[in-house]
Amino acid sequence: MSQTFKTTCALDCPGACALVAHVADGRLVRLAGDRDHPFTQGVNCGKIARYAALQHGPRLTTPLLRDGPKGEGRFRPASWPEALTLVAQRLLAIREEQGGEAILPYYYGGTMGLVQRAAIERLTHRAGFSRLDRNICYSIGFAGWRAGVGKAVGPSPLEVVGSDLIILWGINAAATHITLMHHIKEARRQGARLVVVDPYRNQTARLADQHLAPRPGTDGALATAMMHVLLAEGYGDRDYLAQWTDFDPDMEAHLRQRPPEWAAPLTGLEAGVIREFARQFGRAHQPFVRIGLGMSRQRNGAVNVHAVSCLPAVTGAWQRGGGALFATGDAFPVRDNPVKQPQWMTRPTRVVDMSLLGEWLTAPPQGPPLQGLLVFNANPAASCPDSTRVLQGLRREDLFTVVHEQVMSDTARHADVLLPATTFLESTDLYKSYGQYTLQATHPVLAAPGEARCNNDVVNDLARAMGYDDPPFHWDSPRMVQEVLAFSGLPPLGAWPNRWLDFTPDQAQRHFLHGFPQTDGRFHFKPCWTDPAMPRYPDHWPVNSRDEVAPGGESALDFMTPPAAEVLNTTLSGVASVRAKRGKPRLWIHPQDAAVRGIREDAAVRVWNSSASLTLVARVTEAVRPGLCLCESNHPAADFPEGLPLNALTPACRVAPDGGPAFHDNRVFVEVVSTVF
Ligand SMILES: Nc1nc2c(c(=O)[nH]1)N[C@H]1C(S)=C(S)[C@@H](COP(=O)(O)OP(=O)(O)OC[C@H]3O[C@@H](n4cnc5c(=O)[nH]c(N)nc54)[C@H](O)[C@@H]3O)O[C@H]1N2
Ligand SMILES: Nc1nc2c(c(=O)[nH]1)N[C@H]1C(S)=C(S)[C@@H](COP(=O)(O)OP(=O)(O)OC[C@H]3O[C@@H](n4cnc5c(=O)[nH]c(N)nc54)[C@H](O)[C@@H]3O)O[C@H]1N2
Ligand code: SF4
Ligand SMILES: [Mo]
């Protein structure tokens, strides 16, 4: 007989969907969206529909110790005490010889739970390890948003219903934010128009009323030219600009020099198309712009996100229930100090840029070499740029690597000690969201297989094995939830009216009717970037890979690697049914670019640049514009004959102003290898 339990999806996704788990005989039968939840409304994605295959698939169930050369994936089983004693001894020895900063904990969003995700931070602070600049996803976009609006809040995603013009700008919501698409469907039933701004015809663009396909990295040009038109044609709200923004004559003079004819050659869009799009925006009563992270993954990404965020401030659309939404995370009054114990850090240790892991592992730019690496909730061997160098680092004989994982990922294969992790269905947690406004609490729905343990408990046991006995290292996950709620001044779980608390800001706050969260209370058209090289006004900033074409590089194509619908970063990519559904990695290439290279559909192609060379299968399609090619998702090493992950093609870089990688700002050469793969 099947029972149902309520839970929350822990995957790194703006939805943070409320789910109903159907369980029979201790096994997950299926996961479905919870109809009672205000944002989820019974919807869920295909990834979570297939989650049972991961949940009951080839999981890690016992601690393992390396038993062969690094990276070969040969291990022997061990007990938890044996594994943790070994890890504690090695870490203490490294710290004794090289200092705590020779050890780097590396974690990201494998689980988004507040308790499990960042548990390793309290040991980092207590033991004086190097800290991590966690910039792989959000930093570039947030820098751009913060420059104008100030904080990660904005309209409720439910407010797309009521909007007359919805613009999905650099977000492939049909793949990456399906609940938003559900609300957009209702909005369109009520007459809203949907426009997608994206360099390729992705799943979302195929559903739209209009698709604008600018060249990657040119949204700043597009938005700036739109502002030119809005002001020139009388759509600007002068009273709003004067009262609620820093708009001034200098800004106006700057925009006067940025007509659509200026933006046309940059964006690859016709001036008339840009002008018409601006008019559409100007005429809309309640435009809703959803700014995605995708468009931020460019060297000029922060400038572009800021420029787009300026549009509703020009027309004063904020006051009419419209506006723009980038993320919702700053709306939550949750403080996770009990999890991280930041006050334990007696002196600030060095900060390692997670997106430059390859460099840090092989030639550290500062301080002692890394001798110890502790990986939680992340698969940097495949998800981090410059995989070749990351792998070179992970194969160092003198690097001691501990990986806590659910599955044998590309990173896990390189562990010296590999520890089995629970899934979100087997642990207790609290979830914020970056795309909606509810805080959700969960309890385990299933028993963990074998000896798999949650991050919170592994960190506590490791800390105690290292000799730390502070009370927080004795708190189990339910106690940690209690402590976080108490520290945040929130009601204990027993007093919650529901499994979630709704922190949707009120109408005035989410539309900034009493001012913006900036020190002067105004929206900033002038960004005040910390990096002086960045433009002073919304503009096109020509610093992308294609702006520095090397001699002989004219035949290179722009290259992007945006997420695929079937996987969540590399999560689920090892599941047999998912692999079968996806097939081999595909290079999407325009018929013109294919023809000059003699490439036909299904041909094997070599894709290379100064970082690496990989074999993919051609998909000849007009869904990409000439000069642009792409591969959906960051495929793991097993998907390529070269045995390298897709990110071997992604050069490492630190994007201004706060760091982060430019995944979709890349250039490659393409040639045919054989006509059929
Ligand atoms: N199915 C699925 N869902 C996911 C993920 C996944 O891997 N798979 N990953 C999750 C994570 S971690 C994140 S951060 C989010 C990311 O989700 P999104 O915010 O949707 O970001 P991306 O998918 O990286 O890119 C979205 C779109 O941006 C486009 N893009 C690239 N460069 C530019 C540009 O210069 N300008 C414009 N206008 N568009 C551009 C890409 O073509 C792509 O279609 O999704 C989450 N959800
Ligand atoms: N080419 C390309 N590369 C990209 C991107 C892109 O668009 N293109 N997107 C980037 C983005 S936006 C992001 S956020 C990063 C994400 O990069 P990562 O955070 O490395 O994401 P995943 O690759 O999915 O790896 C997460 C791992 O955590 C494990 N895990 C899940 N839950 C738990 C748990 O409770 N405990 C432990 N110990 N482990 C757990 C999963 O099994 C999985 O292997 O990838 C980036 N890489
Ligand atoms: S849409 Fe996102 S949050 Fe919702 S179930 Fe799918 S992966 Fe999880
Ligand atoms: Mo992400």
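The values are calculated or read from the model by the stated rules, or taken from the named source; none is laboratory data. Since this is a predicted model, take the numbers as computed values, not measurements. Using ideal geometry, Cβ is built from the backbone for each residue, glycine included, and neighbour counts are taken over all protein chains shown. Only protein heavy atoms, including side chains, enter the accessible area calculation; ligands, DNA and RNA are left aside. Shrake-Rupley method; radii C 1.70, N 1.55, O 1.52, S 1.80 Å.
Per-residue ellipticity at 222 nm computed for the chain from its helices equals -7500 deg cm²/dmol, with DSSP H segments shorter than 4 residues left out and the rest contributing -39,500 (n - 2.57).
Could the peptides 410-423, 484-497 be put in order, highest first, of the mean number of other beta-carbon atoms found within 10 Å of their residues?
Packing order, densest peptide first, comes out as 410-423, 484-497.
Taking a probe of 1.4 Å, how large is the accessible area per residue of the range 505-583, in Å²? Mind dumping the intermediate values first?
Working: 3810 Å² over 79 residues.
Here the per-residue accessible area is 48 Å².
Across the chain, counting alpha-carbon atoms alone, Rg and Dmax equal 24.7, 73 Å.
Net length available on complete extension from Gln319 to Ala232 is 29.2 nm, with 0.36 nm assigned per residue and the Cα-Cα distance removed.
For the chain, what is the relative contact order in percent, using Cα pairs closer than 8 Å and at least 6 residues apart in sequence? Intermediate results must be reported in sequence, preceding the final value.
Working: 1580 pairs, mean separation 134.0, N = 677.
Computed over the chain, the figure is 20 percent.
Rank by packing, highest mean first: peptides 533-544, 76-87, 429-440, with packing defined as the count of other Cβ atoms within 10 Å averaged across residues. Could the numbers behind the result be given before it?
Working: 533-544: 19.8, 76-87: 16.4, 429-440: 24.8.
Result, highest mean first: 429-440, 533-544, 76-87.
Taking 0.36 nm per residue of sequence separation and removing the Cα-Cα distance, the Ala533/Ala363 pair yields an extension gain of 58.5 nm.
Among residues other than Leu168 with Cβ under 9 Å from its Cβ, the summed charge is 0 (Lys and Arg +1, Asp and Glu -1).
Pairwise over distinct Cα atoms, reciprocal of the mean inverse distance: report the Kirkwood radius of the range 135-267 in Å, one decimal place.
Values: mean 1/r = 0.0598 Å⁻¹.
When all Cα pairs of the range 135-267 are included, the Kirkwood radius is 16.7 Å.
Amide H contacts under 5 Å for Phe525: Asp246, Phe247, restricted to partners 5 or more places along the chain or on a different chain, H placed in the peptide plane at 1.01 Å from N. Take every DSSP beta bridge whose two residues both sit in the range 518-640; close to 55 percent of them are antiparallel. In sequence order, the range 508-522 has phi-based couplings of 5, 6, 7, 10, 6, 5, 10, x, 9, x, 10, 4, 9, x, 10 Hz under the Karplus curve 6.51 cos²θ - 1.76 cosθ + 1.60, θ = phi - 60°, and Gly or Pro positions carry x. The simple Förster model, with R0 at 45 Å and r as the Cβ-Cβ distance, assigns Ala49 and Gln89 a FRET efficiency of 0.55. Modelled label positions at Asp25 and Ala595, each set 7 Å beyond Cα in the direction of Cβ, lie 5.9 nm from each other. Highest average first, the peptides 3-10, 462-469 ordered by how many other beta carbon atoms sit within 10 Å of their residues are 3-10, 462-469. What's the FRET efficiency of His56 with Phe487 using the Cβ-Cβ distance as r and R₀ = 35 Å, to the nearest 0.05? According to the calculation, E is roughly 0.45. The lysine pair tally for the chain, using Cα distances under 30 Å and a gap of 8 or more places or different chains, is 17. In the range 206-291, what percent of the accessible surface is made up of carbon and sulfur (1.4 Å probe, ligands and nucleic acids excluded)? The nonpolar share, carbon plus sulfur, comes to 48 percent. Rounded, prolate or oblate: which fits the range 282-345, taking a ≥ b ≥ c as square roots of the Cα gyration tensor eigenvalues, rounded meaning a/c under 1.5, else prolate when a/b beats b/c? In terms of gyration-tensor shape, oblate.
At full extension, Phe5 and Asp520 could sit 180.7 nm farther apart than now, given 0.36 nm per residue minus the alpha carbon distance. Using 1/(1 + (r/R0)^6) with R0 = 30 angstrom and r between the beta carbons of Arg279 and Glu642, what's the FRET efficiency to the nearest 0.05? Efficiency for this residue pair is about 0.05.
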